[in-house]
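**Q** One structure follows; several queries about it will come next.
The values are calculated or read from the model by the stated rules, or taken from the named source; none is laboratory data. The model shown is predicted, which means the values in this text are computed figures rather than measured ones. A quick note on method: Cβ atoms are made from the backbone with ideal geometry, for glycine too, and the neighbour counts reach across all protein chains shown.
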Amino acid sequence: MQNLCVLGATGSIGLSTLDVVRRHPDKYNIVSLSAHTRVDAMYDLCVEFSPKTVVMVDEYCAEQLKLKLIAQDYHHIEVLAGTQALTDLASCPSIDTVMAAIVGASGLLPTLAAIKADKRVLLANKESLVTSGQIFIDALTASKAELLPIDSEHNAIFQSLPLGMQSKVGHGNIADYGISKILLTGSGGPFRETPLTEFDDITPDQACAHPNWDMGRKISVDSATMMNKGLELIEAKWLFNLAVDDIQVVLHPQSTIHSMVQYVDGSVIAQMGNPDMRTPIAHALSYPQRIESGVQPFDFFNCKNFEFSPADLNRYPNLKLAIDACRQGQGACTALNAANEIAVAAFLNTEIKFTEISVVNEAVMKHFYDVEIATIDDVIKLDSDARTFAKNTIKTLDVT
Ligand code: NAD
Ligand code: MG
């Protein structure tokens, strides 16, 4: 029986994780759950999974949940509030495995806490790796933790790697295994063929309507701008110890192949299937075994054609910024990620246009381009400074 903590339990990845777990009550035990503000959703999860402890980051929401649980006689579930409670939850001795599925840099400290506490960490929260890179990998190397990628592309790459590389997340050497390239696939999002002249008028709902994947709103906008592929390129660099030029982004609109590994002998190993996050989640939960996930078997006789093309960086300026940041260094990556979180939130709130996301991101990244990052405190300071700069940049956009 694996004892699980699901961080970000009410989100898209959190709920998919719990859907896999509910199919295997003999294998997984939900010990703790966390969420930000969704009281009703968390209440339902408490009733179904009866965790020992839950954290609502927002204090008021924690109070509301407590009252609701007590009113229904669920006295045995402990409800905590605040960010310190999150890191305590992730490092609690009674936990074996942590699903890191908080969205954004808010996931960094709890995910790092899980690593330092030697947990098996299932990493969906790509932003934590993007913001702290080498620091995160050093913590992993110094610990007995095991890191398994949940992001569908990274999980696909992991599955397509030789066993020797699979046991060296963060420090394997691809040349030792005859690997020549990592092919990072992406659908191109909902605006792959939209005329660029229409980009100014894109609405949040249009940006969140991804053609293949059903995801939270932040990552959906990132998929539409392809910042998501940029963050994933940085994530891949750290997970598989790559140089930027070892990674090639390949547009594959059908999202059937979830990424590939190319070998020096001409072989290409791909992982494929229906686009459903329960596959990588089930893979990581049960690794090195396999369990049923609820995902339909792939139907080869009724599938669309497989198409592939390069990504047009004029269409996707955010992807270009992320590639530049990855070449430049940690300061640029941390600042870009923070800027993007602020810009995407402003876009979702209809404060800025879709096309202004990259304007904000570029201004912030230029400003903090070469800030040196050596410690986690440096990361937190730069993240905060970059957010302030992004908010000020948005104000100047309002004026013009
Ligand atoms: P989501 O918005 O659906 O859910 C986010 C979860 O995080 C919620 O439970 C929310 O309560 C919690 N949360 C939000 N802000 C928080 C904060 N400040 N502090 C603590 N908790 C907070 O997001 P999602 O789509 O499930 O994505 C989660 C992570 O997984 C992201 O990093 C995303 O990039 C990654 N990911 C998601 C998918 C997907 O299919 N959804 C695929 C690959 C990777
Ligand atoms: Mg992905």
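**Q** How do the strands (runs of 3 or more DSSP E) wholly within region 114-211 filter down when requiring 2 or more residues that are within 15 Å of Leu233 (Cα to Cα), within 16 Å of ligand 1 (Cβ to nearest atom) and acidic (Asp, Glu): which remain? Break it down stepwise before answering.
**A** On the way: elements: 120-123, 146-149, 179-186.
No strands (runs of 3 or more DSSP E) qualify here.
**Q** Kindly list the number of the only condition in (1) under 27 Å from Arg217 (Cβ atoms); (2) surrounded by 19 or more Cβ atoms within 10 Å (Cβ to Cβ); (3) away from ligand 1 (no atom under 16 Å from the Cβ) that fails for Val47.
**A** Only one criterion in (1) under 27 Å from Arg217 (Cβ atoms); (2) surrounded by 19 or more Cβ atoms within 10 Å (Cβ to Cβ); (3) away from ligand 1 (no atom under 16 Å from the Cβ) is unmet by Val47, namely (2).
The rows are residues; the columns are (1) touching a residue at least 24 places away in the same chain (Cβ under 8 Å); (2) more than 20 Å from the chain's Cα centre (by Cα); (3) in a helix (DSSP H, G or I).
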position	(1), (2), (3)
Gly331	yes, no, yes
Leu336	yes, no, yes
Ala339	yes, no, yes
Ile342	yes, no, yes
Thr350	yes, yes, no
Lys353	yes, yes, no
Ile357	yes, no, yes
Val364	yes, yes, yes
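**Q** Taking the condition of being buried (at least 21 other Cβ atoms within 10 Å of the Cβ) and of a type in the set (Val, Ile, Thr), how many residues in region 314-364 meet it?
**A** Going through region 314-364 one residue at a time, the tally reaches 7.
**Q** For Ala311, all conditions in the list (1) surrounded by fewer than 17 Cβ atoms within 10 Å (Cβ to Cβ); (2) not in a helix (DSSP H, G or I) hold save one; what is the number of the exception?
**A** Answer for Ala311: the failing condition is (1).
**Q** Hey, among the residues in region 212-249 that are in a loop (DSSP other than H, G, I, E, B) and within 23 Å of Val295 (Cβ to Cβ), which one's modelled with the highest pLDDT?
**A** Within region 212-249, the subset in a loop (DSSP other than H, G, I, E, B) is 212-216, 226, 240-243.
With the extra rule that they be within 23 Å of Val295 (Cβ to Cβ), the set shrinks to 212-216.
Numbers: Asn212: 86, Trp213: 80, Asp214: 85, Met215: 89, Gly216: 92.
Filtering first and then ranking leaves Gly216.
**Q** Can you pull out every residue in region 113-130 that is within 19 Å of Met277 (Cα to Cα) and surrounded by fewer than 24 Cβ atoms within 10 Å (Cβ to Cβ)?
**A** Passing the criteria: only Arg120.
**Q** Read through the list (1) crowded, with 18+ Cβ neighbours inside 10 Å; (2) within 12 Å of ligand 1 (Cβ to nearest atom); (3) within 25 Å of Met215 (Cβ to Cβ); (4) of a type outside the set (Lys, Arg), then give the number of the only condition that Thr37 fails.
**A** (1)
**Q** In region 32-83, what count of residues is obtained for those that are more than 15 Å from Gly8 (Cα to Cα), within 27 Å of the chain's Cα centre (by Cα) and polar (S, T, N, Q)?
**A** Here the count works out to 1.
**Q** Which residue is surrounded by the fewest Cβ atoms within 10 Å (Cβ to Cβ), if the candidates are limited to region 161-191 and must be of a type outside the set (Ser, Thr, Tyr) and within 16 Å of ligand 2 (Cβ to nearest atom)? Before the answer, list the steps.
**A** Going residue by residue through region 161-191, those that are of a type outside the set (Ser, Thr, Tyr) are 161-166, 168-176, 178-179, 181-184, 186, 188-191.
Keeping just the survivors that are within 16 Å of ligand 2 (Cβ to nearest atom) gives 182-184, 186, 188-190.
Working: Ile182: 25, Leu183: 22, Leu184: 23, Gly186: 24, Gly188: 23, Gly189: 26, Pro190: 18.
Per the criteria, the residue is Pro190.
**Q** Given (1) over 18 Å from Leu4 (Cβ atoms); (2) assigned to a loop (DSSP other than H, G, I, E, B); (3) not assigned by TED's automatic domain parsing to the domain that holds Asn212, where does Asp265 come up short, assuming only one miss?
**A** (3)
**Q** Output the number of residues of region 1-60 satisfying the condition of being part of a helix (DSSP H, G or I) and in contact (Cβ under 8 Å) with a residue 60 or more places away in the chain.
**A** Here is the first cut: in region 1-60, the ones part of a helix (DSSP H, G or I) are 12-22, 39-49, 59-60.
With the extra rule that they be in contact (Cβ under 8 Å) with a residue 60 or more places away in the chain, the set shrinks to 12-14, 16-17, 19-21.
Here the count works out to 8.
A quick yes/no check of all residues on (1) crowded, with 19+ Cβ neighbours inside 10 Å; (2) in contact with a strand residue (DSSP E or B) (Cβ under 8 Å, 6 or more places away or on another chain); (3) outside the structural domain of Leu319 (by TED's automatic domain parsing):
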position	(1), (2), (3)
Ser220	yes, no, no
Lys229	yes, yes, no
Ala236	yes, yes, no
Phe240	yes, yes, no
Asp246	no, yes, no
Leu251	yes, yes, no
Val295	no, no, yes
